Each structure stands twice: as structure tokens, then as C-alpha cells.
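Where a number appears in this text, it was derived from the coordinates with a stated rule and is not lab data. These figures come from a predicted structure and were not determined experimentally. With ideal geometry, Cβ positions are generated from the backbone for all residues, glycine too; neighbour counts draw on all protein chains shown.
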Amino acid sequence: MSSLFSSYLLLLLLYFKCAASTSPTCSQLQATRPDIETVFEGQADYTDINNAYWSTACSAEKPACIILPSSAQQLSDVILIINENSEAFAVKSGGHTPNCYSSISGGPLIATKRMNQVVLDNDTQSVDVGPGNRWMDVTAALEGTGMMVVGGRMGEVGVSGLLLGGGLSYLSGQYGWAANNVLEFEVVLSNGTIVKASETENPDLWAALRGGGADFGFVTNFKLRAWPQDHNIWGGIRVFANTETPLVLDAVRSFTANYENYPKAGIIATTDLTLENLLDIWIVFMFYDAPTPPDGVFDAFDAIPTLLDLTQTRTMNDMLLFDNTFVLKGSIYTIATETMPLPNATEGAVVMNGIYDAWHEVANKAHDVAGAIVSMALQPLPKMIIQKAQELGGVVMDFDADVDRIVIELDYSHWFAADHPLIDQLTVETYSTLGYKVKEFQDAGLLPSNVHLPLFMNDAYFKQDYWGRLKPETTAKFKAIQEKYDPLGILLSRTQGFHV
């Protein structure tokens, strides 16, 4: 028995040695830095972390090892070793992006899971939040304190990706983009230097990290502005039949147009279609920052017959946990986006129904794909949010506060990798078709023309040109900042992302 055990142990050690040897960084950390947690395939933490992606396409990638630094200094040491070895690598926070920028095959994966601090400072009205958190961790830690931060609308979403991509929040009408509310970043630069970035210290880096993505450094702490919230909120979902589509679309348009009267409100109107025709419905997420919404806020939705109403008074943390119910796992996902100006009341029906019909026509082409679910989410972006964002110093996304807009999120999910080429093709066709449709309505005078329409990074597909949709002077500004803080181009050449 002891001989059998010894043989098994030897095989196990050889396995881990071979696993580590595929990456010089993994081998070096294993041999010289036992204080920095590094795990390999076959270990429980490796499996748990690599399975914790929204899209199974990202989980299918197998890093040579997963490195779990617990401090900025440890992360700095890891970056220096990676630089010595000239390896490609990835960094994972929540793993919510289906673009798989936070996963890698064969190289080292840095997981920020151990940097999960949530520390409220009542004196400065700020909260230190680590990149290893998901938003449900943050709201849970703040529950009962009377303070809240501007963060994600789904609890499963990771802190880092949302903040670095700009971040729409249920609280954006009051406090701007989530990124507007980062007072200070602690950052490990690509050369291993640890710096702070705020309005007064490295202000150009601070500006770049507020919606510019991960091209500028590795954030190890977000100091977020805390806002008073000593009350429960109201929210949940209402489900409407597909036959009510014209009324739902009109309600979304009306809500967005009248938003300045109700800055504490928020909605996400999602239409979901399964190609087995089992489901063709609207799920509208609704929120109001008070225990009960006042009359008038959701009148247009109140007038529509519902299949199901799960709105109620609840805590902010409960709201995010409830929304998690609709973050379906176990499939391969793609996500894409388009931005449109809001039509006026006269042209609203033609434009909104035209956008819906164009989406539905492309979505139906996935009819034979196993496990396919296709969805489109309409997210109001009233000019009031942009005005508030500008008051708070702006973000990289250079929207003008001239018109109301709608940010459209486009999702496909399916089961099998063999179907991904078709889904990729349909994803591109979907956002391209909607972009053409918006232009067609503008040319016909049905939508405002000469309107700047950037893309929302958090929802963008990897084939979309995020930086190309910003104003040329904006892109040039942040390209110069990127080159200043990453002069060797390590982040551009060794990691994936929306590179400037």
C-alpha cells in the first residue's frame, strides 16, 4: 500500500512540475516565491477560479497557473517576474466579460480574488474596495451602514471591469457613471512601480482609468465616494408578453424623455428570445432609490398588462442578489452594443419598433443553434446622466450632454463551441444592422443627426472599435497617457483588451 501511495505521490509531483514548466513565470514563482500563492490545474482553487466566468468559452481556456497576489507589493513582484520572462498573461477580477480578456491558455493568469477589501471610512465618506470583489460583496459589506457606492446593477459583476469600463448604475441619475465616483486608484504600473492616481496625484492617469479600460495599469484598490443611503429601495422585475412590444417600447422612450423629473429611477428593458420558441418576452428591471416610487415615475409601464410583477421594497444588497437570478450560467456568451439618440414622441413608434424588428430579424437566424438565447437590452442614457458625469470630472467616454440616448446591449448565448463561428457572425451582423438602422433613421429625419454616439465599453464586442467611436482628440489624449505610463507597450503587447 505504501509503495502504491509513493508512486501516486511521485506522479502527482511530476504532474505539477510539468504543469508549471509550461510557463517560466509559473516555474519561477513556484520555486522562489512560496509567499505568493500560485495554484495549478488539478488543485481546487485553480478549478474554482477558472470556472468562475460568465461565459464557458473563457473557462475553456487553461492557464499554466493562477497567481493570487494578496497585496499591491506582491502584484508588483509578479509583474516584474512576468516582464523578465516576456510572457503573455491575463488578469481576472470578476470574469464577467465574455470577450475572454481575463482568461488565457498556456500563460499565467493573475486573479485578484485575495484583494477583496471593503473598508468604509465615515470621516472621509469613502470606501476602499479591492478588485477581487463582485458588487454583491460590496453592497453586503455596506448594508446597515447608511452609506452606499455607485456600482453594478447585477451582483455577480466584478468591481474592476465595471469601473474601468465606465459603469452604468441604478444610481447614475444622481451620481453619474460609476467611474465618476472613484476618488483614487492604487495602481501597479507595467514596470512594477506602485503609484496613486487621483485628482491631485497623477491626475492624467486618474482620468484615463475612469472608463479607459485596463491599458494603463493594474488597479489594486479603488477608493470610492460613499453616498448616504439610510433607507430601503424599491425594485425588481416586471415581465410582459411579446404581444405588448409596442407598449413596452413606448414606455422605454417615454421614461427616458422624462427622466429629468425622476433622477432616482432606473430601468433595463430586456427582450429575450429562445429559438425553440419556448420564450419570447420582455423582462424589465425597475429601480427607485426610495422605499416606494412616487406617482408618475413608471406610469407608462403601470398601464401595460403584466405576466409577472416581482417589484417590492427591499435592501440594495437584496436587489443585486435578486438581479443575479437572471445572470444565467453554463453557456457560451457574446456581448455587443450600439448607441442611438432618443426619438421624439411623434417619431417614437416608427423608430423604436424599427430597431426592434431589425434586431428580431437577425436574431431569428440563430434558430437552429443548440441552447440559443438571444436578448436585447435597452438602457436609457438621458442627458441628465451625462451632465452629472461632466460635473464630476467626466469619464473617457466623451458623450455630449445634448440629447437623450439609449445604450443597446446585444447578447447571444449557446451551448457548443462548434456553433460559435455562426454566433460570432450573427453578433457582428446584429450590431452592424442596428448601426445602419440608426443612420437610416437619421438620414430620414426621424432621429437627431450630428449626434456623437460613442460605444459603452462594458457592453462592447471585441471586434468593435471602442476608441474609434470616440472623438479623435479624446483618443489621441489617452493614447499619449498610455504611452507615458506603459512606455514599453507591455500592456498592449502581452494582454488582451480594448487597446488604445
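Is there a quick way to get the dipole size of the stretch 182-320? I mean about its Cα centre, with the Cβ of Lys and Arg at +1 and of Asp and Glu at -1; what is the value in debye to the nearest 20? Write down the numbers at each step before the final one.
Values: 8 positive and 19 negative charges, 62 e Å.
Roughly 300 debye, rounded to the nearest 20.
Which loop GluC sites (Glu not before Pro) in the stretch 69-167, with loop taken from DSSP, have no more than 16 other Cβ atoms within 10 angstrom of their Cβ? Those that pass, being in a loop and sparsely packed, are Glu143.
Taken over the stretch 13-116, the convex hull of the Cα atoms encloses 90 Å³ per residue.
Are any of the pairs Lys223/Lys484; Lys113/Lys196; Lys264/Lys463; Lys62/Lys113; Lys196/Lys463; Lys196/Lys383 more than 27 Å apart by Cα-Cα distance, and if so, which? The pairs that break the limit, which is 27 Å between Cα atoms, are Lys264/Lys463; Lys196/Lys463; Lys196/Lys383. A Förster radius of 25 Å combined with the Cβ-Cβ distance from Asn51 to Leu278 puts the calculated FRET efficiency at roughly 0.40.
Once the Cα-Cα distance is subtracted from the 0.36 nm per residue extended length, the Glu260 to Asn242 segment shows a gain of 3.6 nm. Can you classify the stretch 286-381 as rounded, prolate or oblate using the Cα gyration tensor, where a ≥ b ≥ c are the square roots of its eigenvalues, rounded means a/c under 1.5, and otherwise it's prolate if a/b beats b/c and oblate if not? Taking the square roots of the gyration eigenvalues as a ≥ b ≥ c, the stretch 286-381 is oblate.
Quick one: length gained pulling Arg33 to Asp299 fully straight, 0.36 nm per residue minus the C-alpha distance? Here the segment from Arg33 to Asp299 would lengthen by 89.7 nm. A full extension of the chain between Ala370 and Ala476 corresponds to an added length of 33.8 nm, given 0.36 nm per residue minus the alpha carbon distance. Sorting the segments 109-118, 187-196 by their mean number of nearby beta carbons within 10 angstrom, highest to lowest, gives 109-118, 187-196. Counting only Cα atoms, the size of the stretch 233-468 along its three principal axes is 49, 40, 34 Å, in decreasing order. Calculation over all alpha carbon pairs of the chain in 10 angstrom steps from 0 returns a P(r) of 4, 19, 29, 27, 14, 5, 1, 0, 0 percent. Comparing Leu249, Leu446, Tyr431 along the charge dipole axis of the chain, the residue lying farthest to the positive side is Tyr431, per the Cβ-charge model.
Quick one: 3J(HN,Hα) in Hz for the stretch 387-404, Karplus 6.51/-1.76/1.60 with θ = phi - 60°, rounded, Gly and Pro as x. Per residue, the Karplus-derived 3J(HN,Hα) values read 4, 5, 4, 5, 4, 9, x, x, 9, 4, 5, 9, 4, 8, 8, 9, 9, 6 Hz.
With an 8 Å Cα cut-off and a minimum separation of 6 or more residues, compute the relative contact order for the stretch 233-468 in percent. All intermediate terms of the calculation are to be shown ahead of the outcome.
Numbers: 416 pairs, mean separation 62.6, N = 236.
Reported relative contact order: 27 percent.
Converting phi to 3J(HN,Hα) with the Karplus coefficients 6.51, -1.76 and 1.60 and the offset θ = phi - 60°, the stretch 138-144 yields 5, 5, 5, 5, 8, 4, x Hz in sequence order, with x at every glycine or proline.
So for Glu473, Glu429, fewest C-beta neighbours within 10 Å to most, what's the order?
Working: Glu473 9, Glu429 14.
Final ranking by Cβ density, sparse to dense: Glu473, Glu429.
Between Glu84 and Lys329, what FRET efficiency follows from the Cβ-Cβ distance if R0 is 35 Å, with the result rounded to 0.05?
According to the calculation, E is roughly 0.40.
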